[in-house]
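Engineer: Below is a structure I'd like to ask you about.
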Amino acid sequence: MRFRAWGPFALWLVTTAWAQVARPAEVENVRVWSGPEATRVVLDLSAPTDHRVFSLSNPHRIVIDLAKTSARRALALPEPKGYVTAVRTGNRPGGELRVVLDLKEPVQPKSFLLPPNEQYGHRLVIDLEPVRSDAVVRRTTAPAAPPSGRDLVVVIDPGHGGEDPGASGKRGVREKDVVLAIAKRLAAELERQPGIRPVLTRDGDYFVSLNDRREIAHRERADLFVSIHADSYRDPSARGATVYVLSEQGASDEVARRAAARENASDTIGGVSLADKDPVLRHVLLDLSQNAQLSASTVAGERLIDRLGTVTAMRKHQVQRAKFLVLRQPDVPAVLVETAYISNPSQEQALGDANYQAQLARALAAGILDYFQTHAPPDTYFAQNPGARVSMPIQHVISRGETLSKIAERYNVSLRELKRSNSLKSDVIRVGQVLTIPQS
Ligand SMILES: [Zn+2]
């Protein structure tokens with residue numbers, strides 16, 4: 001539905017007429033989330049209810065009428081956020097509840113009901129999107145690439161957000177918060193490298209659908225897509241990082257299958273209107289470029305594992321496969337990193353620690369640069385200016401039972417070179433000591 005003009009006192013009916021008879025319901029809570037594009041209002045309901053939504057102007061408002069509904073006593077109304085300057089409620093004849101959203105500017109509303117899931121009960125979601133005129137949507141042509149080559153684009157995708165908290169630890173550390181922190185640090189690390197432009201799929205606490213995440217990668221013509229998550233399992237001793245690529249034909253193992261199922265539930269938990277689901281994406285996978293994309297994704301995953309292995313335990317030292325919907329991008333090499341188990345108390349604590357987040361981000365950045373050493377397209381600044389590459393030497397923290405010769409073997413360097421680059425006179429090392437791994 002498109003709005004062509006905004007006249008005074010204009011009224012648009014977005015949803016008309018009660019659909020069916022509903023049970024009496026109560027609005028238990030109202031939340032407002034704000035993203036860069038849209039504002040989302042969520043009404044928590046004790047039962048699903050029929051509703052209609054319409055817009056009013058002078059001043060701009062969105063009105064939501066709910067059939068046979070009341071507001072919970074002492075219902076706390078949210079602070080102004082995004083397009084919403086105030087939320088008001090009032091009872092109407094016939095047992096209706098009216099919720100009014102006062103607005104900064106006209107918006108295009110979209111509403112849908114969501115069934116209960118593990119985290120929430122019934123919800124009515126109202127997404128407020130900017131009113132687009134064709135002039136705004138039309139793109140200007142991209143500027144010509146500078147003679148020295150274009151930027152490599154890395155789309156960094158912190159999972160979950162807003163309504164969808166992702167996994168949570170016993171101490172209350174939430175996946176959506178830690179993965180955002182790691183993603184922002186990773187973007188900052190990559191910014192240091194000339195010729196790389198990181199793009200975040202979200203930079204705050206709001207929900208982004210899996211489709212919108214893929215859409216961002218496509219729109220930005222990403223050279224690499226890295227989705228960042230934290231794992232969860234009922235056994236609190238489960239630990240370690242895992243790097244995944246897409247598989248349409250089943251998963252590497254049961255853990256991989258479960259991880260994909262959990263991450264794919266994001267749209268159901270966060271809430272996406274059925275109209276937003278893109279049927280086209282199901283078919284593009286037949287594209288012949290998929291094999292090349294998959295092999296590039298696997299190389300990227302291997303480089304990430306090499307670097308992650310220096311700062312964290314790995315659940316698997318090989319790239320794993322499962323059907324992660326967010327990785328369904330036929331034209332972009334794409335990996336998903338489960339950084340650690342948030343369900344493991346010591347890993348939960350580490351994930352919440354700024355130092356550890358920085359270590360993970362640095363390892364991810366180094367792995368991404370390692371990948372581009374061999375996979376940067378020839379038209380990029382990075383490929384054309386090898387002298388401008390920032391070096392990110394591998395730092396290895398020595399753990400119990402390791403020997404110098406084992407470490408040399410692991411990184412495929414000679415023992416002599418390893419000792420020389422760390423100014424070691426003997427083979428004696430201690431637990432916790434940090435070695436710099438020379439790069440061939
Ligand atoms: Zn996740």
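The values are calculated or read from the model by the stated rules, or taken from the named source; none is laboratory data. Here the structure is a predicted model, which is why all the values come from computation and not from measurement. Cβ sites come from the backbone with ideal geometry, for glycine too, and all protein chains shown count toward neighbours. Side chains are part of the model used for accessible areas, which takes the heavy atoms of the whole protein and leaves out ligands, DNA and RNA. Shrake-Rupley method; radii C 1.70, N 1.55, O 1.52, S 1.80 Å.
Engineer: Just to be sure I understand the model, the point goes 7 Å from the Cα along the line to the Cβ. What's the resulting VAL431 to ALA313 distance in nm?
Structural biologist: 1.4 nm
Engineer: Just from its helices, what would the mean residue ellipticity at 222 nm be for the chain, if runs of 4 or more DSSP H residues each count -39500 (n - 2.57) and the sum is divided by every residue, rounded to the nearest 500 deg cm²/dmol? Mind dumping the intermediate values first?
Structural biologist: Details: 12 runs with 117 residues, N = 440.
Value at 222 nm, helices only: -7500 deg cm²/dmol.
Engineer: With both partners inside the chain, how many of the DSSP beta bridges are antiparallel, as a percent to the nearest 5? Don't skip to the end; give the middle numbers.
Structural biologist: On the way: 55 of 79 bridges.
Rounded to the nearest five, the antiparallel share is 70 percent.
Engineer: For region 11-132, with every protein chain kept in place, what is the accessible area per residue (1.4 Å probe, Å²)? Walk me through the intermediate numbers first.
Structural biologist: Details: 5860 Å² over 122 residues.
With all protein chains present, region 11-132 gives 48 Å² per residue.
Engineer: Ranking request for peptides 175-188, 352-365: highest mean number of other beta-carbon atoms within 10 Å first, then the rest in descending order.
Structural biologist: Ranked by mean Cβ neighbours within 10 Å, highest first: 175-188, 352-365.
Engineer: Under 5 Å between amide hydrogens, which residues at least 5 positions from GLN108 or on another chain qualify, with H placed 1.01 Å from N in the peptide plane?
Structural biologist: Amide H to amide H, under 5 Å and 5 or more residues apart or across chains, GLN108 pairs with GLU129, VAL131.
Engineer: So, one more: Of all the accessible heavy-atom surface of region 152-386, with the other protein chains kept in place and a 1.4 Å probe, what percent is carbon and sulfur? Could you put the intermediate results ahead of the total?
Structural biologist: Numbers: 4610 of 9180 Å².
So the carbon and sulfur contribution to the accessible surface is 50 percent.
Engineer: Okay, moving on. HN-Hα J couplings of region 380-395 from phi, Karplus 6.51/-1.76/1.60, θ = phi - 60°, integer Hz, Gly and Pro as x?
Structural biologist: Once rounded to whole Hz, the list reads 9, 4, 4, 5, 8, 10, x, x, 8, 6, 6, 8, 10, x, 6, 9.
Engineer: List the residues, sorted by chain then number, that are 5 or more residues from ASP231 or on another chain and whose placed amide H is less than 5 Å from its amide H.
Structural biologist: Here THR339, ALA340, TYR341, ILE342 satisfy the definition.
Engineer: Let me ask another. Let a ≥ b ≥ c be the square roots of the eigenvalues of the Cα gyration tensor of region 394-437; is it rounded (a/c under 1.5), or, if not, prolate (a/b larger than b/c) or oblate? Numbers along the way, then the final one.
Structural biologist: Numbers: a/c = 1.37, a/b = 1.20, b/c = 1.14.
It comes out rounded by the Cα gyration axes.
Engineer: If I compute solvent accessible area with a 1.4 Å probe over the protein chains, what percent of it on region 11-132 is carbon and sulfur?
Structural biologist: Values: 2960 of 5860 Å².
Exposed carbon and sulfur together represent 51 percent of the surface.
Engineer: Follow-up. Using only alpha carbons, build the gyration tensor for the chain and give me the equivalent ellipsoid semi-axes, biggest first, whole Å. Mind showing how you got there, number by number?
Structural biologist: Details: eigenvalues 430, 128, 69 Å².
Values for the chain, descending: 46, 25, 19 Å.
Engineer: Could you tell me which residue out of GLY166, SER252, PRO116 lies farthest along the dipole of the chain toward its positive end? Charges go on the beta carbon: Lys and Arg +1, Asp and Glu -1, centred on the Cα centre.
Structural biologist: Final value for the positive-end residue is GLY166.
Engineer: Something else about it: Using alpha carbons only, how many angstrom separate the centre of region 351-394 from the centre of region 163-242?
Structural biologist: Each part's Cα centre sits 17 Å from the other's.
Engineer: Sorted by average packing, counted as other Cβ atoms within 10 angstrom per residue and highest first, what order do 389-399, 25-35 take?
Structural biologist: Working: 389-399: 14.8, 25-35: 18.7.
Result, highest mean first: 25-35, 389-399.
Engineer: Something else now. Please report the carbon-and-sulfur percent of the accessible area for region 394-437; probe 1.4 Å, protein heavy atoms only, DNA, RNA and ligands left out. The partial results should precede the final answer.
Structural biologist: Values: 1450 of 2950 Å².
Accessible surface attributable to carbon and sulfur in region 394-437 totals 49 percent.
Engineer: Report, by chain and number, residues whose modeled amide H sits under 5 Å from the one on THR85, excluding near sequence neighbours (fewer than 5 apart, same chain).
Structural biologist: The list, which skips near neighbours in sequence, is ASP102, LEU103, LYS104.
Engineer: What ³J(HN,Hα) values, in whole Hz, does the Karplus curve 6.51 cos²θ - 1.76 cosθ + 1.60 give for region 109-124 when θ = phi - 60°, with x put for Gly and Pro?
Structural biologist: Going residue by residue, I get x, 9, 10, 7, 8, 10, x, x, 9, 4, 8, 10, x, 5, 9, 10 Hz, with x marking Gly and Pro.
Engineer: Starting from the Cα of SER421, step 7 Å toward the Cβ, then list every residue of region 229-266 with an amide N under 11 Å from that point.
Structural biologist: none
Engineer: Something else about it: Given a 1.4 Å probe, how much area per residue of region 394-437 is accessible, in Å²?
Structural biologist: On the way: 2950 Å² over 44 residues.
The answer is 67 Å² per residue.
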